[in-house]
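Working notes, beginning with the structure itself.
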Amino acid sequence: MANNELDQVEKRMQNFENYFENFTLQNKSSDLSQDLERTIVAINATDSARFQLTKKIGQLNSVIEQINDNKLPFSLQQQRFLPEYVNRKLEDFNKLQQDRDRLALAYNENTFAFRQKEKEVSLAKETIFKQLTELKSDWLKTLAELRQSKENLEKGFATMPDKNTQYSKNQRFYKLYEEFYLSMMQSKAQFEIAQAGNVPDFKILSPASLPIVPISPKKLLILGIGLVASFVVNFFFLGISYLLNNKITSAQEVEKSIHVPLLGVIPTSHRKSNSLFHVVDNPKSMVSESFRSLRTNLDFFTIGGHKKIITVTSTISGEGKSFLATNLGGVLSMSKKKVLLIDLDMRKQKNESSMLALDPSKGISTTLIKKTTWAECIQSTGLENLDFLPAGPHPPNPSELLLNGEFTNLLEELKEAYDFIVIDTPPVGLVTDGIMAMKRADLSIYVLRANYSKKEFVNTLNRISSIHKLTNLAVVLNALPTTGKTYGYGYYEDKPKRKGWRDLVKI
């Protein structure tokens, strides 16, 4: 009977304890008097934050209106309420406008420099407007959250007095049941001691229990060791592959190593063409646009008003110098300039020469020995304004032919007949024929191929430039893989064919 009564009292106490626990969890406190004070402080702080944020939004709207009305530049000292990164953007925008205004005083609005600066100003304006709009959206969202927070605080504040009364009432009942329970427990203990007559030396507090989680093996420890080991192995193999890679992989790597300017980069083409002139077959491809950029960059290497003699060479064969020379000649001829493409490699017959040369029995080798005239050796490429002078039969002494004065006289005659002379020379890493032509050129282009040319080829380039004092030398990086599929603003596009399962396995 006494045990049943104890169980009932214990259940009632458990109910009260659950109430107190749930009350504390729901209200995050057991002292509602302090909660009332904290709630009042929180409401006042929320109102202050809303006022400050509303003021900042109004100031931000004023800045946005000034940008839309083109009232910049303005003093940035008044915009301290804006984040630091936005102020930096506004300061850069001010400087761009000031630079544009200075250009407007010195250049016509139709000049390339002014239009480029105007383009930069427009792009900066769009960027600033986007950032300010996003900042305004964030502030409006924060303002709505503050408004909702205040409403929640006011609702909680209205219910606190009633909750405090109920909590105090339950506390009084709990203390009564607690005193009654302790009294009954004491009476029960005295009864059991009197009934037993003696007290044992030991007592079982709780029976033994079987643990749910095994002591060993520890699953999390094993998984952690496996994860760390996989990272270590992966980084180890990545480091090994990096140390063993001796190929040029990026334009930044070339710029850091060379002592001459980087004239341009030719990306890898995903289109197959049976013609030598990629710029003609695929005029809207990324490769064709890169050759147009090369043509533009050639203007910076103009020496007075002289005719331009351009030599194209590389360290070894296979780096794409003939491809570059052929398409450079093609893109130059498209600008209504008369261009001559010369194959100066009299030691080896190339595929490009065999496809262009209709009569391989005569060429520059026969011209240098005065067996034929250069005019008799000129052959048509099929493109307007572009002629081709093949190498001709292989002589036993190509270096000696280039050393005599006939080669220099030939170039002088050709300069009178053509606006540009593009010379495809032998690789300078194998023979010295190309060096002789480079010394007589207005511009020498040194071709490096991404993921093919070795890093030590850059040392060869720097050594040749230093030893032979070639001040007109520039570098073009060929076949650089592209990560994207489009170029520019959508006008030029290279669509690669779908990868097969072998390509996916390589990835």
Taking segment 251-495 and dividing mean pair separation by its residue count, relative contact order in percent (alpha carbons under 8 Å, at least six apart): 32
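Please give the direction-averaged projected area of the C-alpha convex hull for segment 341-486, in square nanometres with one decimal.
Working: hull surface 42.3 nm².
Approximately 10.6 nm², given one-decimal rounding.
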Top positive-direction residue, dipole computed over segment 251-495 with Cβ charges, set P261, P481, N409: P481
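Computed from the coordinates by the stated procedures, all read-outs in this text should not be read as laboratory data. None of the values given here were measured: they were computed from a predicted structure. No Cβ is skipped: glycine too gets one built from the backbone with ideal geometry, and neighbour counts run over all protein chains shown.
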